[in-house]
Amino acid sequence: MYPTADCEKTQAPIDVAQLKRARDYDQCGTASRPMSSEEILAELFKYHAPSDVTIPKFAAINQAAKNFAEVVLQNCPPSADRSDAIRKIREARMTANAAIALNGLTL
């Protein structure tokens, strides 16, 4: 895991094993049956607990977003636009973390 201090760590290690989720691929890496819309929807709305694989990825995204937000705060004058920029950085961070948690799943 990465240290909690503010540091320039924006790259999570690549885990090839996660690229092949066991329930979506067979041993040869070929997709098994496609998920139904109902199964995808259930997966989209269930809780995805962080794992040893996803935690460093979340940390990298969060650190990069924080670094960018600090640059915005240091260089933009206080204004509605600066507040909106910070809000959109937070939104991008949350959406990126959702992409990690869902491992690319989409409806």
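The values are calculated or read from the model by the stated rules, or taken from the named source; none is laboratory data. A quick note: this is a predicted structure, and the numbers were derived from the prediction, not measured. Ideal geometry is used to build each Cβ from the backbone, glycine not excepted, and the neighbour counts take in all protein chains shown.
Values as computed for the structure displayed
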read-out: Count of residues meeting criterion [free of Cβ contacts under 8 Å to residues at least 24 places away in the same chain and assigned to a helix (DSSP H, G or I)] in segment 51-107; value: 22
read-out: Count of residues meeting criterion [among the basic types (Lys, Arg), more than 16 Å from Ala101 (Cα to Cα) and at pLDDT below 95] in segment 30-89; value: 1
